[in-house]
1. For Cα pairs less than 8 Å apart in space and 6+ apart in sequence, what is the mean separation divided by the residue count of the chain, i.e. the relative contact order in percent?
2. Once you have a ≥ b ≥ c as the square roots of the Cα gyration tensor eigenvalues for the range 41-173, tell me rounded if a/c is under 1.5, and otherwise prolate or oblate according to whether a/b is larger than b/c.
3. In terms of solvent-accessible area of protein heavy atoms at a 1.4 angstrom probe, what is the ranking of Lys270, Lys91, highest value first?
4. Using label points projected 7 Å from each Cα along Cα→Cβ, tell me how many nm separate Ser234 and Thr205, to one decimal.
5. Please give the calculated 222 nm ellipticity per residue for the chain, where each DSSP H segment of at least 4 residues contributes -39500 (n - 2.57) and the sum is spread over every residue; nearest 500 deg cm²/dmol?
6. How long are the three semi-axes of the equivalent ellipsoid of the chain, in whole Å, if each is the root of 5 times an eigenvalue of the C-alpha gyration tensor, listed from largest down?
7. In whole Å, what is the distance between the alpha-carbon centres of the range 213-255 and the range 91-132?
8. Determine the relative contact order of the range 98-151: mean sequence separation of Cα pairs under 8 Å and six or more apart, normalised by residue count, in whole percent.
Amino acid sequence: MARSSTLRPHKAPGVRPWRWAVGGGGLGLLVALLFFAPASWLAAAVERASDAQVRLADPRGTVWDGSAQLVLSGGAGSHDQTALPERLDWKLRPGIAGGGIALNAALQARCCMAQPWLVAARPRWGGAVVTLADGQARLPALLLAGLGTPWNTLQPEGQLSLSTQALVIDLNAGRLVLSGRALLEAHGVSSRLSTLKPMGSYRVTLAGGTPTTVQLETLEGSLQLSGSGQWVGSKLRFDGVATAAPEFTDVLSNLLNIIGRRDGVRSLIKVG
């Protein structure tokens, strides 16, 4: 009598079920970290990228939807710092631009912006291309004091108005190339170094191109400022002159000594 045999199903080689579970759990954890990354991660990245001159203090929310107190500082180890009157809110979203991956941001500080400021950053090898939508912000001039010398000495007061027009910043291997333009106007400016309040109102025009140029002019006031310069690589080279209206020479003398190198009644300003 033939002996019966039991046939067992053949198991094809493959990944065991527990490996699928571990892999799925790891992927889920990665997705959770990606979408729910805390705002503190973004704050740390901004501080490193700016050499601690820009800080996002008391961050709340996530990397993608959050808020923080925007603080300007003189850098690592500096005791000078100033903050916006209200918190800065942001929304970050990935996208596609110029055939590559981009990061789109909407920034708003309700104290200083009527509308969110839209920024798109497209990373690339050795740098990035940053595009700013046309926008405007009004900031207290005292905010500059947080950047350290010479602003911490001048302690400027007044109102700053910053606007951009088709501004594109191209960072490539340490070189800075701009297109479009930005205007910074300072109205009703005064300083703790002078009893004359206000001293005047001024405009700085940044015009993109090769090279990118910077122009300083006086809109009105007893302290007259003028000058021009250009960006060479990643450095600014600027030459300017500060003078006082004849009847205010004595009142503004101390300030002129701080602004630049004295040359008679003039003060020569040189950067780079």
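The values are calculated or read from the model by the stated rules, or taken from the named source; none is laboratory data. None of these values were measured; they are calculated from a predicted model. Cβ coordinates were reconstructed from backbone atoms using ideal geometry, including for glycine residues, and neighbour counts include every protein chain displayed. To get the accessible areas, we keep the full protein, side chains included, count just its heavy atoms, and leave off ligands, DNA and RNA. Shrake-Rupley method; radii C 1.70, N 1.55, O 1.52, S 1.80 Å.
1. Worked out over the chain, it gives 8 percent.
2. Working: a/c = 1.59, a/b = 1.48, b/c = 1.07.
Judged from the Cα gyration tensor, the range 41-173 comes out prolate (a/c at least 1.5, a/b above b/c).
3. From most exposed to least exposed: Lys270, Lys91.
4. For Ser234 paired with Thr205, the spin-label model returns 2.9 nm.
5. After summing the helix terms and dividing by residue count, I get -5000 deg cm²/dmol.
6. Whole-Å semi-axes of the equivalent ellipsoid: 55, 20, 16.
7. What the calculation gives is 33 Å, centre to centre.
8. RCO, the range 98-151: 27 percent.
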